[in-house]
Amino acid sequence: MPFFDEIAYSLLLPFRSRNFRIFFLGQSISLIGTWIHTTAQRWLVYELTNSAFVLGVLGGIGSLPILLFSLPAGYLADHLPKRNLLLVSQSIAATQAGILTFLVMTNQVEVWHVLALAFVLGCTVALEFPVRHSFIYELVGEEALVTALSLHSTAFNLARFTGPAIAGFLMAHFGLGACFLANTLSYIPIITALALIPLSSNHKKPVKKPWQGLKEGFSFACKNRHIRRTLILIATTSIFVLPYAILLPVLVKENFGGGGKEFSALMAANGLGTLCGALCMATFGRDLPKEKFIPVNLFILSIFLGSMTLTTKFYLAFLLLILSGFHMVCMFTSANAHLQLNSPDELRGRILSLFSLSFLGLFPVGSFIAGTLAQYFGAKMVLLGGCIVASLGAIFFGILPAFRKK
């Protein structure tokens, strides 16, 4: 019993903070809306264009702001009130969701509308990612940080599972407009929660010019081998593996002859796997050798996703996406923790912005390349090739250096 008491104590520790409780609740609801939006957005674009190339453009445009603005966002996270930054980003995101809802429900939506609003949403994500993760540290402190991050990851991946399932139901019974309306309403809890959290005075005034501050964070990341290796592996995953999510509608149609229902089911399967991975990391993640765990999970992820692209059996693809989601979240959660544990407090926001840049910012590069190549070689061959490259990258940039004797 003492073992289970210790687990319960650890899991409940962050909830002793009133501010974390209301933030966690609001964020959990908002995340479900985000995944409803993501699922419906991809299917909307595919319905409007029937083009793998435009799906690649969607992924690229949505993530381009992260490539452009992640590093400045990390600097802001280290120097400005995080609550205010989050309020701004969430309010803008709610506005763009409302505009898309109106366009879809009035049958006025065009592809360029979706792409333009995806760029706006990407700007809010670029600002929010490093701010949100460092804001959690501000809410709970060092003792409860690992558990709080694991709980946040669990909420994110629960939304990744439930969001597509809800989107499938809404699409089937009420149409795409209901999906975007649900997302718009989901921003109300998180904006309310942030408004109820008192403004912290812990932010630091800038002591260096922005360019010098950005250079300081980048220089530290390059010199620290733990951070350098981790960022290389995350960048490899973002370019060569993550585009599977953008091209999944094409695989659904070509491999299984399916539609929106099948697409939502596979998205939900991937979300179920990430939820299981997040729960696993919350329970056992502290004791894992993260530097070795990261490349091993990337290698396994590449094998499962590569197999998924080849199968023509829907239920096998469903299972492989569950397993892929499990290893994907294990890798990214380990990487997040590994980076923070090897970062000084005064640089945490900037190191997290480099993580955001490698994780989400390079996604447009991979999406654009994958979408373009899929027009000529097919989505199946492009995704399979990406998985092969990523598996080799995991071996040569991660597994061999991590297991080599120091």
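Summary table below
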{"quantity": "Mean-position separation - Cα centroids, the range 158-175 and the range 346-406, in angstrom", "calculated": "28 Å"}
{"quantity": "Stretch gain in nm, segment LEU341-ASN50, where the contour uses 0.36 nm per residue and the Cα spacing is subtracted", "calculated": "100.3 nm"}
{"quantity": "Relative packing of peptides 381-394, 112-125 - highest average C-beta neighbours within 10 Å first", "calculated": "381-394, 112-125"}
{"quantity": "Segment LEU25-ILE188, extension gain: residue separation times 0.36 nm, minus the distance between their alpha carbons", "calculated": "57.5 nm"}
{"quantity": "³J(HN,Hα), Karplus 6.51/-1.76/1.60, whole Hz, each residue of the range 364-376, x for Gly, Pro", "calculated": "x, 5, x, 5, 5, 5, 5, x, 5, 5, 5, 5, 9"}
{"quantity": "Inter-probe distance in nm under a simple model that places probes 7 Å from Cα toward Cβ, at THR283 and LEU196", "calculated": "3.1 nm"}
{"quantity": "Kirkwood Rh and Cα Rg combined as Rg/Rh, the range 227-369", "calculated": "1.00"}
{"quantity": "Whole-number D in µm²/s for the range 354-397 (Stokes-Einstein; Kirkwood sum over Cα pairs; 20 °C, 1.002 mPa s)", "calculated": "189 µm²/s"}
{"quantity": "For the chain, calculated [θ]222 nm from helices alone, where every DSSP H run of n ≥ 4 adds -39500 (n - 2.57)", "calculated": "-28500 deg cm²/dmol"}
{"quantity": "Per-pair calculated FRET efficiency, R0 = 60 Å: ASN84 and HIS173 via Cβ, rounded to 0.05", "calculated": "0.95"}
{"quantity": "nm² value of the averaged projected area, convex hull over the Cα atoms of the range 133-174", "calculated": "3.4 nm²"}
{"quantity": "Cα-based equivalent ellipsoid of the range 14-403: semi-axis lengths in Å, sorted from largest, via gyration tensor", "calculated": "30, 26, 19"}
{"quantity": "GLN212 paired with ARG228, simple spin-label distance in nm, labels 7 Å along Cα-to-beta-carbon", "calculated": "2.5 nm"}
{"quantity": "Flagged links, alpha-carbon separation over 24 Å, of LYS261/LYS313; LYS82/LYS215; LYS82/LYS223", "calculated": "LYS82/LYS223"}
{"quantity": "Stretch gain in nm, segment PHE15-LEU392, where the contour uses 0.36 nm per residue and the Cα spacing is subtracted", "calculated": "131.6 nm"}
{"quantity": "Order by protection proxy (mean Cβ within 10 Å, highest first), peptides 44-52, 100-108", "calculated": "44-52, 100-108"}
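Every number here is computed from the coordinates shown, using simple stated rules; none is lab data. Note that the structure is a prediction, hence the values are computed from the model and not measured. Heads up, the Cβs are rebuilt from the backbone with ideal geometry, glycines too, and the neighbour counts pull from every protein chain shown.
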